[in-house]
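Colleague: Have a look at the structure that comes next, please.
The values are calculated or read from the model by the stated rules, or taken from the named source; none is laboratory data. From a predicted model like this one, the values you see are computed outputs, not experimental measurements. Note that each Cβ is placed from the backbone with ideal geometry, even for glycine, and that neighbours are counted across all protein chains shown. For the accessible areas, the whole protein counts, side chains as well, though only heavy atoms, and no ligand, DNA or RNA atoms are used. Shrake-Rupley method; radii C 1.70, N 1.55, O 1.52, S 1.80 Å.
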Amino acid sequence: MAKLSQLFPSKWLKAADLPEEGILVTIRSMDTEKMPDGAEKLVLYFDEVEKGLVLNKTNANAIEKMYGDETDDWEDERISLFPTFVDFKGEQTEAIRVKPKKPKPKLATADAKPVKASGKQAPVSRAEDDQHDEDDNDVPF
């Protein structure tokens, strides 16, 4: 038998769509959309997933703290989404939350070295160092 979620797919993200550990997404665009109850709400769309996230006040406030009040400035910014349980009308229900902390920036280039938890750059291996020896040919040592 098919799952109910497969029989009636939603065009918006649900907590059940996310892995337990959450996901990192890049905001591609935002649009105001009419919900089935007739209300209009802001929906965020991402580069990494097809479904949009209907933005509630809790998640909007988390994004605002990271990227400011102007929603146009949110495009191309990264956020972390994770599933959790919240109280809603006296019952525990699944919800999506935005982690209220900016994700670590993407590495700028393929040559960028990983950064350790201490904030220091990882040491360069001898093989990596040899790749840059051509620049050092004129240095006598």
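Colleague: Quick one: 3J(HN,Hα) in Hz for the stretch 25-32, Karplus 6.51/-1.76/1.60 with θ = phi - 60°, rounded, Gly and Pro as x.
Modeller: 10, 10, 5, 8, 7, 9, 8, 8
Colleague: Sticking with this structure for a sec: Taking a quarter of the surface of the Cα convex hull of the stretch 38-82, what do you get in nm²? It would help to have the intermediate numbers written out before the result.
Modeller: Details: hull surface 14.7 nm².
That works out to 3.7 nm², a quarter of the Cα hull's surface.
Colleague: Another question, then. Could you report the stretch 2-69's accessible area per residue, 1.4 Å probe, as an integer in Å²?
Modeller: Numbers: 4320 Å² over 68 residues.
For the stretch 2-69, the solvent-accessible area averages 64 Å² per residue.
Colleague: For a quick check of your reading of the filter: which trypsin sites (Lys or Arg not before Pro) in the stretch 7-102 sit in a DSSP loop and have no more than 12 other Cβ atoms within 10 Å? If you can, show how the numbers build up before the last one.
Modeller: On the way: sites: Lys11, Lys14, Arg28, Lys34, Lys41, Lys51, Lys57, Lys65, Arg78, Lys89, Arg97, Lys101; in loops: Lys11, Lys14, Lys51, Lys89, Lys101.
For trypsin sites (Lys or Arg not before Pro) across the stretch 7-102 that sit outside H, G, I, E and B with at most 12 neighbouring Cβ atoms in 10 Å, the list reads Lys11, Lys89, Lys101.
Colleague: Over the residues of the stretch 18-102, compute the C-alpha Rg and express it relative to 2.2 N^0.38 Å. Provide the component values of the computation, followed by the final result.
Modeller: Values: Rg = 12.9 Å, N = 85, 2.2 N^0.38 = 11.9 Å.
Normalised Cα radius of gyration, the stretch 18-102: 1.08.
Colleague: While we're on this one: For the stretch 1-63, run through the GluC sites (Glu not before Pro) and keep only the ones in DSSP coil with at most 14 other Cβ atoms within 10 Å of their Cβ. Before the final figure, lay out the partial values.
Modeller: Details: sites: Glu20, Glu21, Glu33, Glu40, Glu48, Glu50; in loops: Glu20, Glu21, Glu48, Glu50.
Here the GluC sites (Glu not before Pro) that fit, given the DSSP loop and packing criteria, are Glu20, Glu21, Glu48, Glu50.
Colleague: Per residue of the stretch 58-63, in order, report the coupling 6.51 cos²θ - 1.76 cosθ + 1.60 (Karplus, θ = phi - 60°) as ³J(HN,Hα) in whole Hz, putting x for Gly and Pro.
Modeller: Karplus-based 3J(HN,Hα) across the stretch 58-63 equals 4, 6, 4, 5, 5, 5 Hz.
Colleague: Between beta-carbons, use under 15 Å as the cut-off and find the net charge around Lys65, counting Lys and Arg +1, Asp and Glu -1. Before the final figure, lay out the partial values.
Modeller: Working: positive: Lys57, Arg78, Arg97, Lys99, Lys101, Lys102; negative: Glu64, Asp69, Glu70, Asp73, Glu77.
Once positives and negatives cancel, what remains is +1.
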